[in-house]
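What follows is one structure encoded as structure tokens, with my remarks underneath.
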Amino acid sequence: MLGCNDPKQRFVDAKVLLDYAFSTNQYFNPKLTKDELKDINVKGGEEKKVSIRCEDKTGIVITRGNSKNIKTNIILSEEIQAPVRKGQIVGEVQFYDGDKLLFKTNIITEKSVNKISIKYCFNKLLDYMLKM
């Protein structure tokens, strides 16, 4: 194709290659449910849990009709220690076609959680007492 002297033939060859690629492959954007990405417990934090999400939501190109064979492997911490910063990596999601790793991305926190302090505890106690 690159060595072709005729520009029209070059475009015909490129079209044939692109038609073949699009007929045998497809774009696949894996989705994870809320059940798969549950909130993580925070030990010693001002909040008991923090929500998480996938860092990269990019899809992948796979062989057409092969999306049923894609398996998901989630590696995730059950509990993390405060303080937690927004975007902190807490795990990883891997997508496999059989034994072949197709794509992986980090699982990150959606917000920050501060560590419990004396001031925070005093304010919570004061709020509780004033509600009585």
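Overview of values
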{"read-out": "Near pairs, Cβ below 7 angstrom, 6+ apart or cross-chain, from the range 28-40 (free of Cβ contacts under 8 Å to residues at least 40 places away in the same chain) to any residue that is part of a loop (DSSP other than H, G, I, E, B) and of a type outside the set (S, T, N, Q)", "value": "Asn29/Gly59"}
{"read-out": "Residue in the range 5-25 that is in a loop (DSSP other than H, G, I, E, B) and touching a residue at least 24 places away in the same chain (Cβ under 8 Å) present", "value": "no"}
{"read-out": "Residue match in the range 109-132 (condition: under 30 Å from Ala21 (Cα atoms) and not β-branched (Val, Ile, Thr))", "value": "no"}
{"read-out": "Within the range 88-109, considering residues that are at pLDDT below 95 and not in a strand (DSSP E or B), the one nearest to Asn25 (Cα to Cα)", "value": "Gly98"}
{"read-out": "Within the range 108-125, considering residues that are more than 12 Å from the chain's Cα centre (by Cα) and among the polar types (S, T, N, Q), the one farthest from Val50 (Cα to Cα)", "value": "Asn123"}
{"read-out": "Of all residues in the range 52-107 being touching a residue at least 40 places away in the same chain (Cβ under 8 Å) and closer than 11 Å to Ile40 by Cβ, the one that is nearest to the chain's Cα centre (by Cα)", "value": "Ile107"}
{"read-out": "Residue, surrounded by the fewest Cβ atoms within 10 Å (Cβ to Cβ), within the range 1-55, restricted to residues that are hydroxyl-bearing (Ser, Thr, Tyr) and either more than 30 Å from Leu125 (Cα to Cα) or in contact with a Ser or Thr (Cβ under 7 Å, 6 or more places away or on another chain) (or both)", "value": "Thr33"}
{"read-out": "Tally of residues being more than 17 Å from Thr72 (Cα to Cα), of a type in the set (S, T, N, Q) and modelled with pLDDT of 80 or more across the range 1-44", "value": "6"}
{"read-out": "Selection from the range 85-112 of residues that are surrounded by 15 or more Cβ atoms within 10 Å (Cβ to Cβ), of a type in the set (A, V, I, L, M, F, W, C), farther than 22 Å from Asn66 by Cβ and out of contact with any Lys or Arg (no Cβ under 8 Å at 6 or more places or on another chain)", "value": "Val90"}
{"read-out": "Out of Ser51, Ser67, sole residue that is polar (S, T, N, Q) and either more than 27 Å from Ala21 (Cβ to Cβ) or at pLDDT 95 or above (or both)", "value": "Ser51"}
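The values are calculated or read from the model by the stated rules, or taken from the named source; none is laboratory data. All of these numbers come straight from a predicted model, not from anything done at the bench. Please note: Cβ atoms are built from the backbone with ideal geometry, for glycine as well, and neighbour counts cover all protein chains shown.
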